[in-house]
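Below: the structure, in structure tokens.
The values are calculated or read from the model by the stated rules, or taken from the named source; none is laboratory data. Small disclaimer: the values here were computed from a predicted structure and weren't measured. Backbone-built Cβ (ideal geometry, glycine too); neighbour counts: all protein chains shown.
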Amino acid sequence: MTADATANSQYKVNTGDELDVFVWGEERMQRAVRVQPDGTFSFPLAGTVQATGRNVSDIAAEIRERISVNYRTSVPDVTVSVREATGMRFYVVGKVRTPGSFTSGTPVNILQALSVAGGTAEFADIKNAVILRQTPNGQVVEPVKLSTILKGGRAMNAGVLSSPLPMLLSGDVLVIP
């Protein structure tokens, strides 16, 4: 795996996630913080830190850089880890066995989301399934082709998928009419 692929596969922090921040050798500066709705959190000597959309190693490097002005000798190491990934929340509604709100620590594709919701219920119209997604330009509707996927080998050719399964983002709603 290349360095770019590794960086892209790292978990990106979401609003609502709880993080553990450790400044090694400084007990008073070890705490859990929750990422606020504006995507930031406050930390002693570092001020307000932007967290949403970033990985934990980048956040740790920024905190270390910000607190470095307070040390005459070597700056202690800073470690940031995800304590609870509640920010990656998605919803599955409609004709599924267990509709509701779900969280995940990793990105989820539409088939995985449907599986978490217990699969389709009787009379589900999988040909007209959609993802509702909030964007900076407003809410968008993205049709998904679940019928081909759920037919499996009868409708799909072996090998690499011509188009990958759509991934759900935090806040997305998968609707199965």
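For region 94-107, a residue qualifies if it is farther than 26 Å from T52 by Cα and β-branched (V, I, T), and the qualifying residues are V96, T98.
Number of residues in region 25-40 that are outside any strand (DSSP E or B) and of a type in the set (D, E, K, R) equals 4. Screening N70 with (1) in contact (Cβ under 8 Å) with a residue 40 or more places away in the chain; (2) out of contact with any helix residue (DSSP H, G or I) (no Cβ under 8 Å at 6 or more places or on another chain) gives one miss only, at (1). Filter region 85-112 down to residues that are polar (S, T, N, Q) and part of a strand (DSSP E or B) and give me whichever is nearest to D20 (Cα to Cα). The selected residue is T103.
One residue is enough: does region 99-108 have a residue meeting the conditions surrounded by fewer than 17 Cβ atoms within 10 Å (Cβ to Cβ), out of contact with any Asp or Glu (no Cβ under 9 Å at 6 or more places or on another chain) and assigned by TED's automatic domain parsing to the domain that holds F41? Within region 99-108, not a single residue is surrounded by fewer than 17 Cβ atoms within 10 Å (Cβ to Cβ), out of contact with any Asp or Glu (no Cβ under 9 Å at 6 or more places or on another chain) and assigned by TED's automatic domain parsing to the domain that holds F41. Taken over region 132-157, the residue count meeting the criterion of being surrounded by 11 or more Cβ atoms within 10 Å (Cβ to Cβ), modelled with pLDDT of 85 or more and of a type outside the set (A, V, I, L, M, F, W, C) is 4. The set of residues in region 113-131 being surrounded by fewer than 16 Cβ atoms within 10 Å (Cβ to Cβ) and not hydrophobic (A, V, I, L, M, F, W, C) consists of S115, G118, G119, E122, D125, K127, N128.
S74 meets each of the listed conditions (1) at negative phi; (2) in the same structural domain as G171 (by TED's automatic domain parsing); (3) small (G, A, S) apart from (2). Within the option set V21, V96, V49, being assigned by TED's automatic domain parsing to the domain that holds L169, in contact with a helix residue (DSSP H, G or I) (Cβ under 9 Å, 6 or more places away or on another chain) and at pLDDT 95 or above holds for one residue only, V96. Of the residues in region 78-93, not one is outside the structural domain of Q112 (by TED's automatic domain parsing), without any contact (Cβ under 8 Å) to a residue 60 or more places away in the chain and in contact with a Leu (Cβ under 8 Å, 6 or more places away or on another chain). Residue pairs whose Cβ atoms lie under 8 Å apart, separated by 6 or more positions or on different chains, with the first residue in region 113-137 and in a loop (DSSP other than H, G, I, E, B) and the second loosely packed, with under 13 Cβ neighbours inside 10 Å, are A117/T98; A117/G100; G118/T98; A129/P143. Yes or no: V69 among the hydrophobic types (A, V, I, L, M, F, W, C), closer than 30 Å to V49 by Cα, assigned to a helix (DSSP H, G or I) and in the same structural domain as V21 (by TED's automatic domain parsing)? For V69, the condition - among the hydrophobic types (A, V, I, L, M, F, W, C), closer than 30 Å to V49 by Cα, assigned to a helix (DSSP H, G or I) and in the same structural domain as V21 (by TED's automatic domain parsing) - is met.
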